[in-house]
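Input: a single structure, listed below in structure tokens.
Readers should treat all values here as calculations from the given coordinates under stated rules, not as data from a laboratory. Quantities reported herein were computed from a predicted structural model and do not represent experimental measurements. Virtual Cβ from ideal backbone geometry, glycine too; neighbours counted across all protein chains shown.
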Amino acid sequence: MIADKKTRDILLNIKKDRGVYLEGNLLKLIKAEANDEEFEEYLQECIGRDKAVRVKRLDITKQVQKQNSTLIKNQEEITRINEELKTSLKLTEKTKCEAETAKETALNDLDLLQKKTQTELIGTIVKVALIVIVSVGVVSTGMYGLAIWKSKDTQIIGSAWSNMLSILLTNAFSIIGTIMGVKYATPDKTKNRRSR
């Protein structure tokens with residue numbers, strides 16, 4: 001398609017006045033008249049500029065695609081690292097919970113062992129105290145009985161015997177009361193830990 005004089009003049013004036021050139025696939029359709037070297041030069045310059053712009057656009061497109069590819073790879077790497085972090089955090093939480101459970105179990109076992117040891121110690125103290133008290137009571141009662149059988153005046157021995165039995169009973173209750181007081185006055189560590 002050969003451009004008429006009016007179109008040719010408009011295109012050349014736009015180039016001179018504004019520095020705007022024709023571009024795109026339209027350049028393939030427009031031809032200059034046989035003797036019009038100025039318009040032929042204009043069309044060749046437009047074609048050269050169009051090719052340069054296309055090459056520049058292609059380079060920019062390639063650069064953007066390359067950057068997009070790099071960004072996608074980086075995003076995949078970030079996603080992978082985030083997944084690893086989440087897995088590590090879950091394992092850390094699980095390990096922490098297991099450690100807390102193990103600590104609680106160990107402390108409970110220690111409390112049970114201490115209570116068992118205390119109970120055994122208290123039991124031993126009570127048994128020994130009762131054996132001593134009963135032994136002294138039996139011996140003093142035997143001696144009082146022997147004194148009654150051998151002699152008629154047992155008034156002094158009788159009062160001493162009743163004083164001794166009352167002291168033994170008082171001591172027995174005092175020992176048992178002290179042991180029970182110590183046992184029940186000791187705070188329960190298990191309850192204190194659970195309330196935290």
Lysines with Cα under 20 Å of K66, excluding same-chain neighbours fewer than 8 positions away: K56
Cβ-based charge dipole, the chain, positive-most Cα from T79, L58, A102: A102
Contact order relative to length of the chain, as percent, for alpha carbon pairs under 8 angstrom and 6 or more apart: 14 percent
Gyration tensor verdict on region 61-100 (Cα atoms; rounded if a/c is under 1.5, prolate if a/b is larger than b/c, oblate otherwise): prolate
Candidate aspartates and glutamates - alpha carbon under 16 Å from K90, same-chain residues fewer than 8 apart omitted: E98, E100
At least 15 Å along the helix axis (C-alpha) and Kyte average at least 1.0, DSSP helices within the chain: 155-185
Qualifying lysines (Cα of each under 24 Å from Cα of K86; at least 8 residues distant if same chain): K73, K94, K96
Top of N25, N163, N68 by mean-square fluctuation, Gaussian network on the chain, Cα under 10 Å: N25
(1) 53; (2) 77; (3) 45, with the label sought being that of the calculated percent of Cα pairs over 22 Å apart: (2)
For the chain, size of Cβ-based charge dipole, Lys and Arg +1, Asp and Glu -1, in debye: 1040 debye
Estimated 222 nm signal from helices in the chain, with DSSP H stretches of n ≥ 4 weighted -39500 (n - 2.57), rounded to 500: -31500 deg cm²/dmol
